[in-house]
Structure formats: C-alpha cells, structure tokens
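Taking it in order: structure first as structure tokens, then the write-up.
The values are calculated or read from the model by the stated rules, or taken from the named source; none is laboratory data. Remember, predicted model here, so these are calculated numbers, not experimental data. Every residue, glycine among them, receives a Cβ derived from its backbone with ideal geometry; neighbour counts consider all protein chains shown.
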Amino acid sequence: MGLAVIISLAIIVLDQLSKHWILSNLSLYETIPIIKDFFSLFHIRNSGAAWGMLSNQSWGIYILTIISIIASIFIFYLIYINDIKPLRIILALILGGSVGNLIDRIRFNYVVDFLSFTFGDYHFPAFNIADSAIVVGAICLVIYLIFNPKQLKKIKLTNRVAVSSNLKPEIESENSFTEIRPDFEVRDEFDSIGEKSETETKDE
C-alpha cells in the first residue's frame with residue numbers, strides 16, 4: 001500500500017505545483033504556445049467537471065465537491081482492502097487526480113485548467129494533470145481487467161470476510177452433530193430409568 005500512497009501524493013503535489021505556477025505566471029485566458037497549432041498553456045478556470053461539464057450550473061461545483069469527497073474516500077478504501085498490486089497502483093492514479101481537483105474546488109470553488117491541445121480546427125477542452133491521472137487510471141483499469149478477467153472476481157469491494165465453500169461441509173457437520181447430541185442424551189436417560197426399574201423389581 002505504501003507505493004500506492006506515494007504515487008497518489010506525487011500526483012497531488014505535481015498537480016498543485018503546476019496549478020500554482022499557472023496562477024502565478026499567467027493571467028486568466030492568457031496563452032503560451034508550446035507547439036505551434038497543437039499544444040499550448042492556456043489559463044482557464046472550470047467550475048464544472050472535467051472538460052467543462054456542468055460548468056454552466058451554479059450548483060455544479062457543490063455537487064461535484066461532494067461526489068469527489070465520497071469517491072476519494074471509497075477509492076482509498078479499495079486500495080486499503082485489496083492486495084492486488086497492479087490494481088492498487090491504478091487506483092492510486094485515480095485517487096491522486098480526484099484529490100488534486102478536490103483541493104481546487106475547496107480552495108477556489110473552481111478547478112484550474114491549463115493544458116490545451118488543438119487538432120486542426122478542433123480545440124480540445126483544456127484540462128490539468130489531475131484530469132490526466134484520472135483518465136489514464138481509468139483506461140489502465142479497463143485494459144487490466146480485459147487482459148486479466150479472472151482478477152475481477154478477486155477484487156474486494158468490502159472488507160467482509162466470506163466463509164470458504166470448502167469449510168461449509170465441516171460447519172454443517174458440526175451443526176448437525178450438535179442437533180443430534182440431545183437425542184443421545186434422552187436415550188441415555190431412558191436407559192438409566194429402565195435399568196433402575198429392573199433393579200427395583202429384582203429387589204422385590
């Protein structure tokens with residue numbers, strides 16, 4: 001679990017440092033071209049989900065904040081209860097991204113986006129490192145489960161201990177023994193009564 005925590009913390013730190021640099025060096029809507037007509041740094045503030053979804057809704061930021069808190073806690077819980085190392089690493093990517101954006105929503109009521117790509121006439125919605133970690137983690141999770149379908153049954157969603165099917169016959173046999181035992185005790189009592197009555201008859 002230690003490696004997963006380190007990965008999540010690294011993503012959170014890198015995400016927050018990059019956003020801090022953008023806030024300190026670029027004015028809102030300012031652009032710095034990196035690769036002409038393809039990639040640039042573009043300072044924009046998103047009050048919605050990834051790629052601007054729900055940004056036009058005034059209540060969107062509050063709903064997303066609650067969802068992010070619940071999701072982050074649940075993902076951390078999954079990392080804690082599962083021993084599958086690849087799964088932990090993948091979930092660590094998603095957790096780091098979720099917490100990175102959650103910090104923005106709590107601090108600013110919006111998320112700082114700045115990675116901007118252009119494909120011909122199409123301008124892809126700006127995003128950030130946290131968004132990238134979430135998307136990469138989700139893609140890796142799908143690929144991992146496609147190539148390792150048997151691992152799906154091993155993933156635990158709760159920490160509840162299930163009784164193995166191999167132990168059920170033993171448990172059932174023990175239960176049946178406890179149910180039969182009183183019958184033997186009753187028979188012993190009848191036998192002792194019979195012996196007592198025979199002894200009294202002989203004495204007479």
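Checking each residue in region 30-47 for being of a type outside the set (A, V, I, L, M, F, W, C), over 11 Å from V112 (Cα atoms) and modelled with pLDDT of 95 or more picks out E30, T31, P33, S40.
Given A10, A92, A50, which one is over 23 Å from N159 (Cβ atoms) and either under 13 Å from the mean Cα position of the chain (by Cα) or modelled with pLDDT under 95 (or both)?
Values: A10 fails: either under 13 Å from the mean Cα position of the chain (by Cα) or modelled with pLDDT under 95 (or both); A92 fails: over 23 Å from N159 (Cβ atoms).
Of A10, A92, A50, the one residue that is over 23 Å from N159 (Cβ atoms) and either under 13 Å from the mean Cα position of the chain (by Cα) or modelled with pLDDT under 95 (or both) is A50.
For region 71-92, indicate whether the set of residues that are aromatic (F, W, Y) and touching a His at 6+ places or on another chain (Cβ under 6 Å) is non-empty.
no
Condition check ((1) aromatic (F, W, Y); (2) without any contact (Cβ under 8 Å) to a residue 40 or more places away in the chain; (3) not in a helix (DSSP H, G or I)) across all residues:
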| residue | (1), (2), (3) |
| --- | --- |
| I90 | no, no, no |
| G96 | no, no, no |
| V112 | no, no, yes |
| F117 | yes, no, yes |
| H123 | no, yes, yes |
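Scanning region 17-33 for residues that are aliphatic (A, V, I, L, M) and either in contact with a Cys (Cβ under 6 Å, 6 or more places away or on another chain) or closer than 13 Å to A126 by Cβ (or both) yields I22, L26, L28, I32. Using the structure shown, decide if V112 is under 32 Å from the mean Cα position of the chain (by Cα) and either at pLDDT below 55 or under 18 Å from I70 (Cα atoms) (or both). In short, no. Assess whether S72 counts as being surrounded by 13 or more Cβ atoms within 10 Å (Cβ to Cβ) and either at pLDDT below 95 or out of contact with any helix residue (DSSP H, G or I) (no Cβ under 7 Å at 6 or more places or on another chain) (or both). When the stated conditions are applied, S72 does not pass them.
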